[in-house]
Amino acid sequence: MTSWLAERRLEIVGGLLLLGGYGLLLSGFYPSWSAHLLTLPGLAILGWSLGLGGAALLGLMSVPLQLVLPSLGQAVWDAGLYRAVYFLAGAGLLTSLVAGLARHYHDRRLEDADPEPRPDRNTELTLFSRMHDGLAQDLEPLSLVRAVVDTLHEYPRFASIGVYQPEDAGLRLVYAQGRQALPTYLGANHEIVLRAAHRAEVVVTRSPERSRGLSLVERGWVALPLVARGRVEGVLVAVALREVHPRDVRFLEGVAGQLSLALDRAQAYEALREQEALYRTLLETLPDAVALLDGSTLLYLNPAGLRSLGYARLEEVVGKPVAHFVHPDYLPRVAERIQRILAGQGDQLEEIRLIAGDGRELEVEALGALVQFDGQKRVMISIRDIAERKRQQARIEYLAYHDPLTGLPNRRKLWVEAEKIFVTDRRKRETPALIYLDLDNFKVVNDTLGHSAGDELLRQLAQRIREVLRQDDLLVRMGGDEFAVLLPSADRDSALAAARRIRKVFEHPFALGDQLIYAQTSIGLALYPEHGQTLDALARAADVAMYQAKQARMGIAVYDPSQDMNSLERLETIQELRKAIQGGRFLIQYQPILDIQSRTVSKWEALVRWEHPTRGLLHPAEFVPLAEEAGLVGELDLAVLKQAVRHQKQLGGELAINFSAFTLAHPHWVREVVRAMVEENLQPGFLWLEITESALLPERQKWLGGLVALRGLGIQVALDDFGMGYSSLAHLKQVPVDLIKIDRSFVEGIGRDPASEEILRAVLHLAQAFGLKTLAEGVESEGQLDWLTRHGCHYAQGYHIGPPMPLEEAFGMRRLA
């Protein structure tokens, strides 16, 4: 109704204006009732605009209209006026009916001029067949849409045809044909979007459209979802000339179904094409070679295969027989594998050898698979060049069985070769012998000249020993400065002779840079089967004999079971020491440190003791060197640190912990120090770390970075036994030290040795110049303490202050103080 009024509003408004204007004007200035005949044009216009039904209603309303107009002109009602009113009412009714009837016949003529066509079944089948053929011949989505729209455009009942595709929240027009333009975009709230696009429903609706006449025509709209692969990929929209008949909907449903299938097929084809492009890209970019064979001839080789075989173009290899590329030694096996694959059997990864275009031999791994190509059985082979892997495996195997420093076989190689020799010797009744040797005081070389010099000494020694051994003798570096020699067949005399030849190479100095160094060795000898019937037993015996030679300073020693207890005790002590460290079974005693100026105990030094299960309480000198030798000193120092930090709350004051130079090389020592403080909530300023002077050697100063980091947190560093080792003025300027501890040997001379006093004064002045605090060790008398007080020493430690004591006594001493 609203759209109908909107279409005819101009005609209605014009008729009403004419009717009212003329009536009021004439009734106001011309009292003659005949003048009211001029209202009839207004009624005619209204009757034309309202049509036949509206005109009849208007004519019936003309009677009250004719009664109102004379009243407006204040006319006198008499018989003549009544007759005029009746006449005018009849004339108005007739005028309205004639105008409405004229409009009715006018619209009928327009409809007859443009009749709504009704296609027959043959037309529909023809269009459907043409459309089906078009869909079957194309796989491009837009071409499919165009073919359907162009075909449906010929359907006589549709004014417009279009296809929309989802875009954002609405639908965007892709392609359309027809007499009227379809909207280019349907918003998210449009009925077609909500129902057809979102819910995949068929939508039939009506929409008013302007006809070629002056009236509006209700046109039917049909929207059908195009579903492909389970989702709406588009919407087919058709606008009918008039009403949408069920037959039209059924026809369009068939069209939409065919188009959906075609779009689904097009998407599948596109996905297949993308997948094919992906596979081709993968095949052409694979680092491994891939070949396609028909059984005996090469059909395809990817770029990686061309490069590995030394060919530039595919045409150079296609069509050539497989025998052209396979090494003759492997050709029978390869041909057999190909036939098995063609017969449907599985293949396994195997190593083969190929011949490149330039004659090179290539070691590769190959794995074949049966594939269908152009309807024929083919063999696809993946090929990987393993030459580099072989080299790496050989390198890894070499490193696994050889020492990288000297190039000698290592301990693992010794065990492998010994197993072979021992099995052979049991058959041949031959007697192998094993020699162990190490360098005496090798640590001194490392500490004085540096590890690089120590490494060079080991390399030169390995070369000298190798030159004096027989070809079958096996020289092995066991680790550190220890070597072993396995003699496959030797009695006591020949084994001793080999040991003497080895010892003789030490008679000449070793050139280490610009230094000539004489080295000494201790050699232990064990014989099979006298000293052991397995390599483990023989190795232990040779090791014990070596330490017997070292202790007796006799150079060479043959294993003597009667003297084995000391060596066994040493080995057992190392094992017990390891268990004690892991279990934290140590005693820590605390020695007080006196602040000389305030005469109060302000610090405590933590000193470790080991309560040995059989030997009693052991002092550090009895087990710390063994811990350093066994590589356990880092773990020992960290274990002492953690326990002492826990005790600090009871002690009060600052806490000094001794750290070996080897501990500074521990990979996690800085992290463990920080963790211990955090766990016990110890402020960094309460912790001192004491390092020995051997940590100041140039080659070890790379380890001092951790000390610098800890000092940045507030931890303080002390240099122990200053003046007795490697310290120098240059070192004091470069290393992170806050305090120097003066060795007790200088303190002992106070009051007795003027030279010692001069050295002490010089050290105290030196520390003052560098801004370092000083601590004197070994203070045993009040006279020594007074002298140190007069000369500006900051701290004192010794039995005069207090001996090392258990935690309970130290806590009691603190309370008394």
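Among residues other than residue 410 with Cβ under 10 Å from its Cβ, the summed charge is +3 (Lys and Arg +1, Asp and Glu -1). Taking every alpha-carbon pair within the stretch 748-804, the share separated by more than 16 Å comes to 39 percent.
In terms of packing, defined here as the mean over residues of other Cβ atoms within 10 angstrom, the peptides 772-781, 441-450, 253-262 line up highest first as 772-781, 253-262, 441-450. Normalised by residue number, the volume inside the convex hull of the Cα atoms of the stretch 414-552 is 102 Å³ per residue. With just the Cα atoms defining each centre, how far is the stretch 318-396 from the stretch 789-808? Give it in Å. If you average the Cα positions of each part, the centres end up 81 Å apart. Charge tally for residue 680 (other residues, Cβ to Cβ under 13 Å; Lys, Arg +1; Asp, Glu -1): +2. Ordered from longest to shortest, the equivalent ellipsoid semi-axes for the stretch 367-426 are 46, 18, 5 Å, each the square root of 5 times a Cα gyration tensor eigenvalue.
Counting Lys and Arg as +1 and Asp and Glu as -1, what is the net charge of the other residues whose Cβ lies under 13 Å from the Cβ of residue 197? Residues close to residue 197 contribute a combined charge of -1. Counting heavy atoms of the protein chains alone, residue 284 has an accessible area of about 80 Å² for a 1.4 Å probe. Both radii were evaluated on the Cα set of the stretch 589-691; the Rg over Rh quotient, with Rh as the Kirkwood radius, amounts to 0.99. The tail of the calculated P(r) for the stretch 597-641, taken as Cα-Cα distances beyond 18 Å, holds 40 percent of the pairs. Our estimate of slack between residue 207 and residue 598, defined as 0.36 nm per intervening residue step minus the Cα-Cα distance, is 130.1 nm. Ranked by the mean number of other Cβ atoms within 10 Å per residue, highest first, peptides 168-180, 365-377, 228-240 order as 228-240, 168-180, 365-377. Relative to its Kirkwood radius, the Cα radius of gyration of the stretch 382-481 gives an Rg/Rh of 1.09.
Near residue 206, the amide H atoms lying under 5 Å from its own belong to 221; only residues 5 or more places off or on other chains count, and H is placed 1.01 Å from N. Note on the stretch 741-763 and the stretch 623-648: Cα centroid distance 31 Å, given to the nearest whole angstrom.
The values are calculated or read from the model by the stated rules, or taken from the named source; none is laboratory data. Since the model is a prediction, treat every value here as computed from it, not as a measurement. No Cβ is skipped: glycine too gets one built from the backbone with ideal geometry, and neighbour counts run over all protein chains shown. Areas reflect the complete protein model, heavy atoms only, side chains present, ligands, DNA and RNA absent. Shrake-Rupley method; radii C 1.70, N 1.55, O 1.52, S 1.80 Å.
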